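Student: Pasting a structure here, questions to come.
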Amino acid sequence: MDGVALVVMTIAALLAIIAFLPPLARVFNLPYSVLLAVLGCGLGAVVGLAEPLSLSFYDQPLVDFLGGLGELEISAQGYLWLFLPVLLFETALTLDDRALMDDLAAILGLAVVAVVVTTIVVGVTLNLGSGFSLLACLLLASIIATTDPVAVVAIFREVGAPKRLLSMVEGESLLNDAAAIALFGGFLSALRMGDALDPLTIMSVFAVDFIGGAAFGVLCGRAGGWMLSRLDVGGPAEITLSLALAYLVYGVAEHYLQVSGVVAVVMAGLAFGAKARAELSPGQRDALIAVWRQLAFWASSLIFVLASLLVPDTLRHATWLDVALLLLLIVSALVARAAVLYGLLPALSRLRLSEHVDWRHRVVMLWGGLRGALTLVLALSVSESSLVSADVQQFVGILATSFVLFTLLVQATTLRPLMRWLRLDELTGLETYIKDSALELSHREIVDAVQDAAAKYGLDIGTAREIKDLYAKRLEAIVRPSEVGETMLRDQLQSALATLTSKELELYVEERARRMISRGTGMRLINDGSRLLDALRIRGLQGYRSEARRQHDYARWMRLAVFIHQRFNVHGPLSGLLAVRSEMLLVRRRALVMLEEFVSSDIEPIFGPRVAESTTKFIEARQQDIDRHLNAIRLQYPIFWQELGGRYLSRIALRLEGNAYQRLEREGLISSQIVRHLGREVIAKRRSFGRVPSLDLGLDVQTLVSRLPIFSSLEDQKLRNLTRLLRPRLALPDQKILRRGDSGDAMYFIASGAVEVRMPTGKVTLGTGEFFGEMALVDGRPRSADVVAMGFCKLLVLKRDAFQRFLYRHPELSSQVRAIAAERRSAHL
Ligand code: CMP
């Protein structure tokens, strides 16, 4: 067998072996990459041995397989081109870009600083110990500077480390791959240009590579994401697009633009992933991720096995000096990583740029800094580079590969005992409590169900009773603490709220996927939900409370819209934002009602009535807050409110309609053709309910003037003239319209709504038809009180110069205003 057939069969045989490794890894409780390396090295050794041995006594297939493995030697460039885009794109795609953005400073700091520190520390140490040129040592150091997080991530997942820590480790490894490769490129081109170490050249190559790659990647990722929203046909098309994107971005960046393809792929993956999360339904997204996981599994397995095939051959030339250098390398790499973990990380968390990392987690991060396939491939590419001297090739090859083996065979295999020694695997008091509750709950159900089942299906009652007794005994064995302490109670409450908030997030994701809410609203709700969860994790119950309240405040955009409205008399942005905000509040309100049900069905059985009650209080506080805001809208804009509610209900009805058709189809009662037909109608109807209804702010000056009794006596002409002097203005609930002590530039008539006048001596409420802000204009003194809107208020503003004209033209009104101002002034004396 030869040619294509041989290659295909060899790869198939390799995959067949690889398929058994994940279960084996689970049996031995080892990171999967360790087994891959062992497999690769083992096969490499056999291939190496097989040549001098006569193979004639082997079966032909085995001869073919070993021969095929020899044939498979792709160049390092081949590995980089074939596998790297897949590996990087997959990690970036699945990483939560928001989590990454939240900790961007810390992650970037860790990734870039850690790579640079490791490269310098290791490079300089080896230079002192080995006699090789500094540049050659730095090249080697940059190759081993990047870490593979699989082992750390697996352990952190298992022991339930904070999610933020996990995304930090994953994000770090992603960006440090990019940083190390960019640095490696700098050193390699410096080596090519002659052995001179010009830091400026290296830095500039590094910077151009990094920044150029990042910009190109983001651009392509966005463009890909944009196309994603146009395709909208489900499954294969989107996945194909994403695969093409990964390779094209890498290729174009490396080949045509001469910037870092690695950085470009990472950024493209992040940008594309963010868009995919926003655009695709959960089902489509899961399909996309599943395919990428599979691709990455193949890529990482093959790259590992194929790269480690060459390890035995490389290590054949190793000498005792290399062993000594390896020890130096190991110690200096650990020292460099420790410097980052114990120097930089605490500094970052003190600056509140990252989460505080527990010392035990830090030890795991230190010892778990494994090196993986990327290091092997980079070392390989050095040994292929004709411009690097044979000495350096061997030096880099031997040390890099043996270092990878050391991290995999020594560090990785001892990581779990270390974890146990650190007692990271022990359950906390809270976890034990939850575990016991879950046990109790499930056992109680079983005890009840077993006998019923036996009776129902006519089975042996005796056996049923035995099983029942068994479970009843186990139930008795669970010792629950009779008195739950305050700290424990708080932990339980926090855990219950975290469960609840995750549930809330799920609800929003579902609503969005079912197109019950517009994309923008969905995205905002999801983002707010994640922020709430983070606030709870980092700042506890107080953090949850204040973040929940903050989310109902008027956001920055709203304040900008208010400014545009007041300043330029342009109402569009304000009405648009108010409409979206109303929809958001409405959906959130509904989610909270569902959460209350979830508390009684799921939280109470696990945590007990006391925690359930407190949890409900938190939810109720949020509901009341929302109700207050929604009531303000309902009072001022009843028609809009009705329309909004109506549309929402219609969408609920449409969803139920869709569900009903699908159920009928599943049960075989109607054909899929009919369902498609009906579905089309549902989609058409849904489109008509697509957008949030527009909100007319109702700021027509003439209508507003007609509501004010003070102007009712004016003749038509005068009224028209007056209308020209007045400007409409909407005040938001709780907005401070006037501030005590400011100078007066206008007075205000309340066309609808109410305001509160807050004076040092007390409060007064002014309602529709009344006016305020006249005193400063009449007496020329500073504002005498704060004036705050109590709900939405429609106001008519009369500016200072218009006010003078108004007094002049309407003497009768003028005396009325002056009289009231004088009366109010007397209240201040
Ligand atoms: P000015 O002083 O310009 O700004 C604050 C406004 O609050 C003030 O004008 C009045 O319009 C209003 N105000 C102050 N005191 C009273 C009061 N006692 N009763 C009603 N309104 C008042």
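The values are calculated or read from the model by the stated rules, or taken from the named source; none is laboratory data. Just so you know, these numbers come straight off a predicted model, no measurement behind them. Note: ideal-geometry Cβ built from the backbone for every residue, glycine included; neighbour counts use all protein chains shown. Accessible surface areas use protein heavy atoms only, side chains included; no ligands, DNA or RNA. Shrake-Rupley method; radii C 1.70, N 1.55, O 1.52, S 1.80 Å.
Student: How much of the accessible area of the chain, probe 1.4 Å, is carbon plus sulfur, in whole percent?
Tutor: 60 percent
Student: For the stretch 431-515, just run the numbers: alpha carbon Rg, then divide by 2.2 N^0.38 Å, N being how many residues it has.
Tutor: Relative to the rule-of-thumb radius for its length, the stretch 431-515 sits at 1.59.
Student: Tell me, which longest segment in the chain has none of the trypsin sites (Lys or Arg not before Pro) that fall in DSSP loops with at most 15 further Cβ atoms within 10 Å?
Tutor: Longest run free of exposed loop sites: 1-315.
Student: Taking all protein chains together and a probe of 1.4 Å, list V291, V675, V4 from the most accessible to the least accessible.
Tutor: Most to least solvent-accessible, the answer reads V4, V291, V675.
Student: Taking Rh as the Kirkwood radius, which is the inverse of the mean 1/r over Cα pairs, what is the Rg/Rh value for the stretch 537-622?
Tutor: 1.15
Student: Taking just the alpha-carbon atoms of the stretch 281-327, what radius of gyration and Dmax come out, in angstrom?
Tutor: When restricted to Cα atoms, the stretch 281-327 yields Rg and Dmax of 19.2, 58 Å.
Student: Let me ask another. So which GluC sites (Glu not before Pro) in the stretch 460-548 are both in a DSSP loop and have at most 11 other Cβ atoms within 10 Å of their Cβ?
Tutor: The qualifying sites are E483.
Student: Relative to the longest principal axis of the C-alpha atoms of the chain, give the angle of the C-alpha long axis of helix 486-513, reported between 0 and 90° and rounded to the nearest 10°.
Tutor: So the inclination is approximately 90 degrees.
Student: If you don't mind, there's one more thing I want to ask. Rg and Dmax in Å for the stretch 571-674, alpha carbons only: what are they?
Tutor: Both quantities, over Cα of the stretch 571-674: 18.9, 53 Å.
Student: Follow-up question, since we're still on this one. Which of the chymotrypsin sites (Phe, Trp or Tyr not before Pro) found in the stretch 454-530 are loop residues per DSSP with 12 or fewer other Cβ atoms within 10 Å of their Cβ?
Tutor: Y457
Student: Something else about it: Quickly estimate the mean residue ellipticity at 222 nm for the chain, helices only: each DSSP H run with n ≥ 4 gives -39500 (n - 2.57), and the total goes over all residues, rounded to 500.
Tutor: -24500 deg cm²/dmol
Student: Share of Cα-Cα pairs in the stretch 258-338 beyond 15 Å, in percent?
Tutor: The calculated P(r) of the stretch 258-338 puts 77 percent of pairs beyond 15 Å.
Student: Below 8 Å, C-alpha to C-alpha, sequence gap of six or more: please give me the relative contact order for the chain in percent.
Tutor: It comes to 10 percent, rounded to a whole number.
Student: Still on this model: Determine the per residue accessible area of the chain with all protein chains present and a 1.4 angstrom probe, expressed in square angstrom.
Tutor: 48 Å²
Student: Give the lysines reachable from K763 as a straight Cα distance under 28 Å; neighbours fewer than 8 places away on the same chain don't count.
Tutor: Result set, ordered by chain and number: K736, K794, K799.
Student: Kirkwood hydrodynamic radius for the stretch 306-400: how many Å is it when counted over pairs of different Cα atoms?
Tutor: Result for the stretch 306-400 stands at 15.6 Å.
Student: Quick check: Cα centre of the stretch 1-27 to Cα centre of the stretch 769-829, how many Å?
Tutor: After rounding, the separation between the Cα centres reads 86 Å.
Student: Debye calculation, C-alpha points only, no solvent: report log10 I(q)/I(0) for the stretch 715-761 at q = 0.19, 0.22, 0.29, 0.31 Å⁻¹, in the same order as the q values.
Tutor: With one equal scatterer per Cα and no solvent, log10 I(q)/I(0) is -0.81, -0.97, -1.27, -1.34.
Student: Tell me the relative contact order for the stretch 446-525 as a rounded percent, counting alpha carbon contacts under 8 Å between residues six or more apart.
Tutor: Relative contact order comes out at 18 percent.
Student: Separation between the R740 and Y342 pseudo-spin-labels, each 7 Å from Cα along Cα→Cβ, expressed in nm?
Tutor: Those two pseudo-labels are separated by 5.7 nm.
Student: If you don't mind, another one. Rounded if a/c is under 1.5, else prolate if a/b beats b/c, else oblate: with a ≥ b ≥ c from the C-alpha gyration tensor eigenvalues square-rooted, which is the stretch 8-47?
Tutor: oblate
Student: Then there's this: If you build the convex hull over the alpha carbons only and average its shadow over all orientations, what do you get for the stretch 692-794? Give it in nm² to one decimal.
Tutor: 7.6 nm²
Student: Taking just the alpha carbons, could you work out the radius of gyration and Dmax for the stretch 739-829, both in angstroms?
Tutor: 12.5, 35
Student: On alpha-carbon atoms, Rg over Rh for the chain using Kirkwood Rh?
Tutor: Checking Rg against Rh, the ratio lands at 1.07.
Student: In a Debye calculation with equal point scatterers on the alpha-carbon sites of the stretch 81-142 and no solvent, what is log10 I(q)/I(0) at q = 0.15, 0.20, 0.24 Å⁻¹?
Tutor: -0.67, -0.83, -0.90
Student: How high is the relative contact order of the stretch 104-189, given as a whole-number percent (alpha carbon pairs under 8 Å, six or more residues apart)?
Tutor: After rounding, I find 40 percent.
Student: Using only the Cα atoms, work out Rg/Rh for the stretch 493-580, with Rh taken as the Kirkwood radius, to two decimals.
Tutor: Ratio value, two decimals: 1.08.
Student: Return the loop-located GluC sites (Glu not before Pro) in the stretch 397-458 (DSSP other than H, G, I, E, B) with at most 15 other Cβ atoms within 10 Å of their own Cβ; answer none if there are none.
Tutor: In loop regions of the stretch 397-458 (DSSP not H, G, I, E or B), the sparsely surrounded GluC sites (Glu not before Pro) are E426.
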